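Notes for the one structure printed next.
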Amino acid sequence: MADVRLNIASREYIVTCQDGEEDRLKSLGRLVDEMAREAGGSAGGLNESRQLLFASLLLADKLHDSQTLLNKPDAPSALNDNSAEIEQAAVTIEKMAERLEALANRLEN
């Protein structure tokens, strides 16, 4: 197991992952940070837990759009060829969103 430092919404988190998954987790962390900054910028004045909640919702929206595109019968074959990888990425994003929502709930209480 490896520990990875993530900086999300100007806050540092240490997250444990499987060996070899560090780069992927860092990449996901950057995506979550980008969404958190987007949520904070567009909604303005959000506390940290609300900012992470909105970031989770933005990610869930992108995931939903991707899944809808994949499920279209006329989806490009290249998308279908990579569907297992895309589905795994979707699962990982969903898990990250769930973790962020749990963290946001803990911060609110």
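The residue list 102, 16, 41 was ranked by how far each Cα lies along the charge dipole of the range 2-108 toward its positive end, using unit charges on Cβ atoms, and 41 comes out on top. Simple point charges give the picture: +1 on the Cβ of Lys and Arg, -1 on the Cβ of Asp and Glu, and for the chain a dipole about the Cα centre of about 340 debye.
For the chain, modelled as a GNM whose springs connect Cα atoms under 10 angstrom apart, the maximal fluctuation among 33, 19, 61 occurs at 19. The alpha carbons of the chain stretch over 44, 35, 21 Å along the principal axes, in descending order.
In order along the range 24-34, the Karplus-derived 3J(HN,Hα) couplings, from 6.51 cos²θ - 1.76 cosθ + 1.60 at θ = phi - 60°, round to 5, 5, 4, 4, 5, x, 5, 5, 5, 4, 4 Hz, and Gly and Pro are given as x.
Throughout, read-outs are computed from the coordinates displayed, never taken from laboratory work. Since this is a predicted model, take the numbers as computed values, not measurements. As a convention, Cβ positions derive from the backbone with ideal geometry for all residues, glycine included, and neighbour counts pool all protein chains shown.
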